[in-house]
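The values are calculated or read from the model by the stated rules, or taken from the named source; none is laboratory data. Being a predicted model, the structure only gives us computed values, none of them experimental. Cβ placement follows ideal geometry from the backbone for every residue including glycine, while neighbour counts extend to all protein chains displayed.
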Amino acid sequence: MGYKLHDDIETMARSGLSTPDIARQLYISEATVCRVRQKRGCSAPNPAARKYPIEAYERARELLLQGHSYKQAADESGVSYSTLKRKIQGLGWDRSQAGVESARVQRNRRNGSH
């Protein structure tokens, strides 16, 4: 398989042809087309791969920006805690930070100050 084939696949993909259509026209496997598309940076988007709707991520991000913990944002938005930690980093409290804050609040309650 030469680079001309790779160039042809990229050109066809960027013109909007689907992976099965490219494979059929060039008499090659869909796996080959997928591999070349990935290498060349023109992979076909896979809407079925998205587990949560974009609105759920937007809601989670909004909550994190307001100072909520990842756990709170996950519970409210419906996006899992681990997905939020992976996809939206550095905005909310992680579990250890939430634990420290929780201990501080409990200590203040015991001591009678709020």
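Restricting attention to the stretch 1-21, report how many residues are hydrophobic (A, V, I, L, M, F, W, C), under 30 Å from the mean Cα position of the chain (by Cα) and in a loop (DSSP other than H, G, I, E, B). The qualifying residues number 1.
In the condition set (1) surrounded by 13 or more Cβ atoms within 10 Å (Cβ to Cβ); (2) of a type in the set (Lys, Arg); (3) not in a helix (DSSP H, G or I), Arg24 is compliant with all but (3).
Could you list all residues from the stretch 45-67 that are modelled with pLDDT under 85 and either in contact with a Phe, Trp or Tyr (Cβ under 6 Å, 6 or more places away or on another chain) or surrounded by 14 or more Cβ atoms within 10 Å (Cβ to Cβ) (or both)?
Here is the first cut: in the stretch 45-67, the ones modelled with pLDDT under 85 are 45-54, 67.
Scanning the stretch 45-67 gives a single hit, Tyr52.
The single condition among (1) exposed (fewer than 12 other Cβ atoms within 10 Å of the Cβ); (2) touching a helix residue (DSSP H, G or I) at 6+ places or on another chain (Cβ under 7 Å) that Gly92 does not satisfy is (1).
Is it fair to say Val36 is crowded, with 16+ Cβ neighbours inside 10 Å, closer than 21 Å to Gln97 by Cα, in contact (Cβ under 8 Å) with a residue 12 or more places away in the chain and not aromatic (Phe, Trp, Tyr)?
Values: crowded, with 16+ Cβ neighbours inside 10 Å: yes; closer than 21 Å to Gln97 by Cα: no; in contact (Cβ under 8 Å) with a residue 12 or more places away in the chain: yes; not aromatic (Phe, Trp, Tyr): yes.
Here the answer is no, as Val36 does not meet what is asked.
Could you tell me how many of the residues in the stretch 23-41 are of a type outside the set (A, V, I, L, M, F, W, C) and more than 15 Å from Thr11 (Cβ to Cβ)? If you could, list the steps in order and put the result at the bottom.
First, pick out the residues of the stretch 23-41 that are of a type outside the set (A, V, I, L, M, F, W, C): 24-25, 27, 29-30, 32, 35, 37-41.
In the following step, the residues that additionally are more than 15 Å from Thr11 (Cβ to Cβ) were identified as 24, 27, 29-30, 32, 35, 38.
The number of residues fulfilling the criteria is 7.
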